[in-house]
Every structure is written in C-alpha cells, then in structure tokens.
Amino acid sequence: MMDWTDRHCRFFHRQLTRRALLYTEMVVADAIIQGARERLLGFDEAEHPVALQLGGSDAQKLAEAARIGEAFGYDEINLNVGCPSDRVQSGTFGACLMKTPVLVADCVAAMKAAVKIPVTVKCRIGVDEQDPEPALDTLADGVLAAGADALWVHARKAWLEGLSPKENRDIPPLDYDRVYRLKARKPNEFIGINGGIQSLDAARLHLDHVDGVMLGRAAYHTPGILTGADAMFYGGDAPGAFDHAALIDAMATYAARHIEKGGRLGHVTRHMVGLFHGLPGARRYRQILSTDATRPGAGPDVLKKAFAAVDFSGAAAEAA
Ligand SMILES: Cc1cc2nc3c(=O)[nH]c(=O)nc-3n(C[C@H](O)[C@H](O)[C@H](O)COP(=O)(O)O)c2cc1C
C-alpha cells in the first residue's frame, strides 16, 4: 500500500507474523529501470517472505523490472491491476487495465518468462460500466492462461472517474460472491480475496470459498491482529506465546540501525501507532509515538519509553 507498506512497516509486521506474505508498495516499472534501485527496492532480509508489487503496462519493461526484483531477492512479483489513482491512470497502469485483458496477459507472460519466482496479479471485479461477470472471468482466464501463479481480487469495482482513490476503496459495494464464483470456476488455480476484511476470524470464513485472504487497512491500523495469524493459518505457536519483550528489542535495534544510517525514528514508529489498541496505556503509547518520537534527534529510547507505558499483563495472543 503506497506510503504505508514501506520497508519499515514490513519489518515491523514481520515481527508480528513470521509466515504471512507481505507486499511492498506499488513500484512503477519505469522507476525501477531508470531509478535509484536501492532506495526503491532495498529491504531487510528479515522481511521474507515478501512480494514486490509492480505498476506498468509495457510487457518488456515489466519483465525487466521483475528480473531486477528477483535479483534483489524478492519472493514474488505481483502486477497491480487494481489501483485507481489519477497518477496511476495517467501512466496506463492499475485498474484501468481491467479494460485491456489481452495486454495484461501479455505482461504476465513476459514477466513469467523473465523470472523463476511466482508472478501474481491483483485486480478488481471490474471498472466503470463493466459487467463484473465477463470482466473478471476474461481477465482471470487471460492471466491464468499466461501462467500467473495467483490472482488476488479486491472484491469491488473501481470507478475511474468521479471517485477519489479513497472513495474507490469504500463506496463501490463489496461483492465477495463474485470472487467465490470465480474460484468455483477455477478450482485448480489460486484465487485470493481482498477488501473490507477486518479480522482473522473473518478471514478464516473466506477460506471456505477461496485460497487466500489479503488484509490491507485492518492490518495497518490494528497490526496487533497479525500476532494471531501464524497460529490460526500456519500451524505456529498457540495463542498466548507472543513475546512482547522480543518485539521491543527487535524494533529498538532496527530503529537504532536506521538512525545510524541517517534515518529518523519517526520513519519507523509512524507505522506502529495502532499497536496495543485497547490495552491499558495504549493512549499514552500513541501520544509518545506521535509527539516525542517525531522530534528531530529522537532515538530508540523513546520507543522503549512508549512501550513501557503499556500494560501487557492482560494481553494474550493479540497485542490489540
Ligand atoms: C493508503 C493505501 C495505499 C494503497 N496502495 C495500494 C497499492 O500500492 N497497491 C495495491 O494493490 N493496492 C493498494 N491499496 C489498496 C489495498 O491493497 C486494498 O486493496 C484495499 O485497501 C482494500 O482492502 P482492505 O479493505 O483490506 O484495506 C492501497 C490502500 C490504501 C489504504
């Protein structure tokens, strides 16, 4: 998620779940080919498994960007066919590609030929006046025939004109059944669902119908829910085993390293504000992160002070 799931956010989320697949922000293929690669693509080894999401619609450029991403060590390349923002539309990528399924399939084929790691696609159920029945089937048939290893579907349309990107994440109604029908038509392909899923319990219910669940805003705003994911979905330690002391240590050490390299504490802590939601002391924790931690020169001691404000004694599996 752009501006949200940067490397600091992903490192933090990785402390909460060892197994869930994490996604980068969308990175435009052209930028990777021309730009400062370390800044755009650099990530911490601890983030694995991590998928690089690309934006673009030029098959050769996407193939080249995918190759670079693979060489950087990413575990998966994902193509964005769902993002409706203006900036993205002007470059012919994102959700408007729902209208050119043959082009998307060509892009996937080129990316598949370029890399050995999985290539996946994230799309909508349709855009504008499209009928989601044929629109999603056509897109899915094309990309899966081209070799896509998974299709993730944000279960609502995007309106390319008239709604802001934010409104496009809330106003078009969710239609989970449409994604379930796609899965029923494609029993042997990985079909994942996304959109409006607020909790792990809700995620589990979707797994009766589809192969995977992607959480966006809920994971970002209430990251503590991620601490239950390994036990619920990956056979990890039973709930109750979450180690807050290890989390504090890992984040303080990580922040110190970032600051040493010229970064600021706030780059790391801005993603951590929603942790501990509902626990005694959470409000003081949030206050410290949004004031002291944002000051120039703030160090990891501020993060430790914020953690010290929280009473974990009642917290079991979920830090939220
Ligand atoms: C701030 C923000 C940035 C986003 N950036 C991206 C992006 O770069 N690529 C993408 O595929 N989706 C992006 N999304 C959409 C989410 O991935 C997700 O599809 C959408 O929020 C619906 O899922 P949710 O209800 O679980 O959040 C973004 C969402 C938000 C809120």
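The values are calculated or read from the model by the stated rules, or taken from the named source; none is laboratory data. Small disclaimer: the values here were computed from a predicted structure and weren't measured. Because the Cβ atoms are built from the backbone with ideal geometry, glycine has one as well, and the counts that use them run over all protein chains shown. Areas reflect the complete protein model, heavy atoms only, side chains present, ligands, DNA and RNA absent. Shrake-Rupley method; radii C 1.70, N 1.55, O 1.52, S 1.80 Å.
The largest accessible area among R156, R284 belongs to the first residue in R284, R156, and the rest follow in falling order (1.4 Å probe, all chains).
For the set Y254, Y234, solvent exposure ranked by accessible area (probe 1.4 Å, protein chains only) runs largest to smallest as Y234, Y254.
Model label sites at E161 and V102, defined 7 Å from Cα along the beta-carbon direction, differ in position by 2.5 nm. Considering all C-alpha pairs of the chain, those separated by over 23 Å amount to 58%.
Treating r as the C-beta distance of F72 and T253 and R0 as 30 Å, the FRET efficiency rounds to 0.85. In the range 84-144, the convex hull through the Cα atoms has an average projected area of 4.3 nm², a quarter of its surface area.
Which value, in Å to one decimal place, does the Kirkwood hydrodynamic radius take for the range 1-96 when every pair of different Cα atoms is included? When all Cα pairs of the range 1-96 are included, the Kirkwood radius is 13.5 Å. Largest mean-square fluctuation among T92, T227, T17, in a Gaussian network model of the chain whose springs join Cα atoms under 10 Å apart, belongs to T92. The fraction of accessible area contributed by carbon and sulfur in the chain is 52 percent, rounded to a whole number (1.4 Å probe; ligands and nucleic acids excluded).
Which percentage, to the nearest 5, of the DSSP beta bridges contained in the chain is antiparallel? In the chain, DSSP labels about 0 percent of beta bridges as antiparallel. Measuring max minus min along each principal axis, the C-alpha atoms of the range 141-229 give extents of 38, 36, 21 Å (largest first). In the context of the full set of protein chains, the chain has a per residue accessible area of 44 Å² (1.4 Å probe).
Taking each residue as 0.36 nm, the span from Y220 to Q287 lengthens on full extension beyond its C-alpha to C-alpha distance by 22.3 nm. Using R0 = 30 Å, the C-beta based FRET efficiency linking R185 and A36 works out to 0.10.
Label positions at T294 and A202, each projected 7 Å from the Cα along the C-beta direction, are separated by 2.8 nm.
With a simple spin-label model that places each label point 7 Å from the Cα along the Cα-to-Cβ direction, the separation between H244 and R18 comes to 2.1 nm.
Counting only residues at least eight positions apart within a chain, or on another chain, the aspartates and glutamates with an alpha carbon under 16 Å from that of K116 are E64, E70, D75, E76, D149.
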